[in-house]
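Provided herewith is a single structure, encoded as structure tokens, for subsequent inquiry.
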Amino acid sequence: MQTLYHADDISLYSNAFGYLRAPLCFEPDKSDAQVIVTGVPFDAATSGRPGCRYGAQAIRQASVNFAWEHKRYPWNFALKDRLKIADCGDLVYPSGDPVAMVKALEDHARRVLGSGKKMLTFGGDHYVTLPLLRECAQHFGPLALIHFDAHSDTYAEGAEFDHGTMFRRAPDEGLVKPEKSVQIGIRTEYHGEDGYEVIDGGRANDLSAGEIAELIKKRTAGMPCYLTFDIDCLDPAFAPGTGTPVPGGITTDKALKIIRALKGVKIVSADIVEVSPPYDASGVTALAAAAIGLDLLYLWASK
């Protein structure tokens, strides 16, 4: 009798349960995987177009496009030969309760990080980064932030749960050192007194990916780093499916080249956020996010 499912299935349509068809594991702290993928279906802190609660699901579906490739171009090794990943599915919390979401995500991250694993998290809106930073800082100490975005997210105004205020609150809570952190792609209002080094959208387009990577390495200088990638860092031509698109962003190609050039940077965990499938008719935004996640995994595996 023919088996319906095989772990090495190369179909572009079937069995996209876990990211890259990684095995599902609902007790991630007990897994022997080195990286745990988590979805956070939360967009209650969104200020623009909603829908990114469905982002993780869309990224998983898009990732099947890469699951067939033995060696991800342009890397010269197969990911599965060096790194084991597991997908623990989506965070469960009472719908409409951001306080409960924060507690559930902090508890989850505490267990995963406490078991010695890295986290790759798919949002959800960008607010989900704050509880993740709290647990990473508890585990690794104050962090350098590598932040790809069209917005600085350092705004003083906003409610307690707002996806534009996390990186003002994070330094106030002692989680992040702005003087060791860098923001790439910003092309909306920001304030230099926030302390972050900003490579704004125009400059990011003028510099090469290698030059940007070198600036990141110099700024973070051996610190434990948390990398957060808001998909609206990309120009809307490459990522239309997001809540607050801003023209003038970088290309997907440049984003991938920057990430690949970050060898030697101590990235302890990472997230990709703000993919909103209702505004992503072609699926190109989710595909970009899936590719960015894959190159982050290869970056970890290259060590």
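Could you please find all residues in the range 129-185 being on the phi > 0 side of the Ramachandran plot and surrounded by fewer than 22 Cβ atoms within 10 Å (Cβ to Cβ)?
Listed by number, the residues that qualify are GLY141, GLY158, GLY174.
In addition: Taking VAL275, is it in a loop (DSSP other than H, G, I, E, B), within 23 Å of ASP206 (Cβ to Cβ) and either modelled with pLDDT of 95 or more or not hydrophobic (A, V, I, L, M, F, W, C) (or both)?
Details: in a loop (DSSP other than H, G, I, E, B): yes; within 23 Å of ASP206 (Cβ to Cβ): no; either modelled with pLDDT of 95 or more or not hydrophobic (A, V, I, L, M, F, W, C) (or both): yes.
The answer is no for VAL275.
Can I ask one more? Quick check on the range 60-106: of everything there that is among the aliphatic types (A, V, I, L, M) and more than 24 Å from TYR127 (Cβ to Cβ), which residue is surrounded by the most Cβ atoms within 10 Å (Cβ to Cβ)?
The qualifying residue surrounded by the most Cβ atoms within 10 Å (Cβ to Cβ) is ILE85.
Within the range 1-46, count every residue that is of a type outside the set (A, V, I, L, M, F, W, C), in a loop (DSSP other than H, G, I, E, B), at pLDDT below 95 and within 19 Å of the chain's Cα centre (by Cα).
Going through the range 1-46 one residue at a time, the tally reaches 3.
Separate question: Give me a count of the residues in the range 245-270 that are surrounded by fewer than 21 Cβ atoms within 10 Å (Cβ to Cβ) and closer than 21 Å to THR188 by Cβ.
The number of residues fulfilling the criteria is 4.
Which fully enclosed helices (runs of 4 or more DSSP H) of the range 114-211 have 2 or more residues being among the aliphatic types (A, V, I, L, M) and touching a strand residue (DSSP E or B) at 6+ places or on another chain (Cβ under 7 Å)? Full working, then the answer.
Working: elements: 129-140, 166-172, 201-206.
Of the helices (runs of 4 or more DSSP H) lying wholly inside the range 114-211, those with at least 2 residues that are among the aliphatic types (A, V, I, L, M) and touching a strand residue (DSSP E or B) at 6+ places or on another chain (Cβ under 7 Å) span 129-140.
The values are calculated or read from the model by the stated rules, or taken from the named source; none is laboratory data. Please read these numbers as outputs of a predicted model, since none were measured by experiment. Ideal geometry is used to build each Cβ from the backbone, glycine not excepted, and the neighbour counts take in all protein chains shown.
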